[in-house]
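Just so it is clear, none of the values below were taken in a lab; they were calculated from the coordinates. Since this is a predicted model, take the numbers as computed values, not measurements. Reconstructed Cβ throughout: ideal geometry from the backbone, glycine too, with neighbour counts over all protein chains shown.
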Amino acid sequence: MIKYSFNKKIFRILVILFTLFCTIFFISLNQKVHAQLISLSIYPPILKAIMKPGKEIMIAYNIKNLGDPTTLQMLVLPFEPKDNLGNVRIKEEFEGPIRFKLDNTNIELNQPIFLKTGQSQQILLRIRVPEGAPEKDYYYTLFAETDPSPTIEGKTSSRSKARIGSHILITVTKSGNVDIKGKVSLFSVLGNKLPFFGDKISLFDSTDIIPITLIVENNGRNSIKPNGEIILRGNFGERAEYNILSQNILAYSQRQLMATPSAYFSSEKPVSLALSGFFIGKYNLSTKINFGENTPQLYASTSFIALPFKFIIGSFIAIIVGIVIIRKLNDDKDDENDEEEE
């Protein structure tokens, strides 16, 4: 009788635990988790304009929502160069004399708008340069910033926030002329430098990837956009040309330019060009850069030496191993002959 009562108590406890587990399980099923997918596009991605004081222009942008329905707002913020890789630092407070306004009848800056999935919205941005604005460059970004909706009752919402922007580069000038003052700050082959006839030169194995960096400095008050190429010449008449990608260099800043085609170079430090192939001997590299018609041409040069060190070392090791093996075989053969004579 005591045994039956004990088992009955255990059974009741198990029933209670099972009921509690089922209740928690079904409650968790009813609480749906909704993670919002945010995907926006904006066109054009960048605008560069030369304007006179007292003038204004209007630019048509297209915003498209490629994700879930979302609420967003348009805002304009200034930026400045952050490093020599083309990255920028967004300022969270508006500054500068340039004035921005939307010409849309139902949309204003810093006011929420709603876009369904797949819906597009044309944004008419009016840009005005007031009289007396100093002649220089002004850099801004037109942002489409999502505004997360409040949590829906009965659902757990992932309140994410995202921005997509289009850079605006404005050059203010009365005459229409721009200040072009570019120079090659660095054009070099990365790697260890070794003394070579009173100079220092980079030394590589013939199969190594050769990393090259090219940095151009803008000492003028207006942004510049360089064009040019990097040329490789070898001792046996080899020649290869690599086009420099045209990229904006903001006023009073530097930028590491990129050339194409380029090999993949595994390094934490970005490079302008990575050369791949089999190199032997001394190679000369030169670059020439201009900033458009009737602008000065910039020149710079560097060089490197490549020799088949890995092949030489491998061949030397193979020869040594071969000699050791041959001597071992000869010694074994001599021992066998000695045993036969005995």
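Stretched out straight at 0.36 nm per residue, the stretch from LYS82 to PHE100 would grow longer than its current Cα-Cα span by 4.1 nm.
For the residue pairs LYS55/LYS116; LYS161/LYS225; LYS288/LYS310; LYS52/LYS225; LYS136/LYS183; LYS193/LYS225, the alpha carbons lie more than 28 Å apart in LYS55/LYS116; LYS161/LYS225; LYS288/LYS310; LYS193/LYS225.
List, in order, the whole-Hz ³J(HN,Hα) value for each residue of region 203-212 obtained from phi through the Karplus relation with A = 6.51, B = -1.76, C = 1.60 and θ = phi - 60°; use x for Gly and Pro. So the J values, rounded to whole Hz, are 10, 9, 6, 4, 9, 5, 7, 9, x, 10.
For region 175-213, applying the loop criterion from DSSP together with a ceiling of 14 other beta carbons within 10 Å to the chymotrypsin sites (Phe, Trp or Tyr not before Pro) yields PHE197. Available extension along the chain between THR71 and TYR43 is 8.2 nm, counting 0.36 nm per residue and deducting the alpha carbon span. Annotation: the residues ARG163, ARG89, sorted from fewest to most other C-beta atoms within 10 Å of their own C-beta, follow the order ARG89, ARG163.
For region 73-82, backbone phi angles converted through the Karplus equation (6.51, -1.76, 1.60; θ = phi - 60°) give residue-by-residue couplings of 9, 9, 8, 10, 9, x, 9, 9, x, 9 Hz, Gly and Pro being listed as x. Checking every one of the trypsin sites (Lys or Arg not before Pro) in region 187-235 against DSSP loop status and a limit of 12 other Cβ atoms within 10 Å picks out no site at all. Each principal axis of region 182-311 carries a Cα extent, and these read 51, 31, 29 Å when sorted largest first.
The order of GLU268, GLU217, going from fewest to most other C-beta atoms within 10 Å of their C-beta, is GLU268, GLU217.
Ordering PHE311, SER253, LEU203 by the projection of their Cα atoms onto the charge dipole of region 182-311, which places +1 on the Cβ of Lys and Arg and -1 on the Cβ of Asp and Glu, puts SER253 at the extreme positive end. The magnitude of the dipole of region 182-311, with charges of +1 and -1 set on the Cβ of Lys/Arg and Asp/Glu and taken from the Cα centre, is near 220 debye.
Residue separation times 0.36 nm, minus the C-alpha to C-alpha distance between PHE316 and ASN62: what's the value?
Numbers: separation 254, 0.36 × 254 = 91.44 nm, distance 6.54 nm.
That works out to 84.9 nm of additional length.
A quarter of the convex hull surface defined by the alpha-carbon atoms of region 53-145 gives 7.2 nm² as the mean projection.
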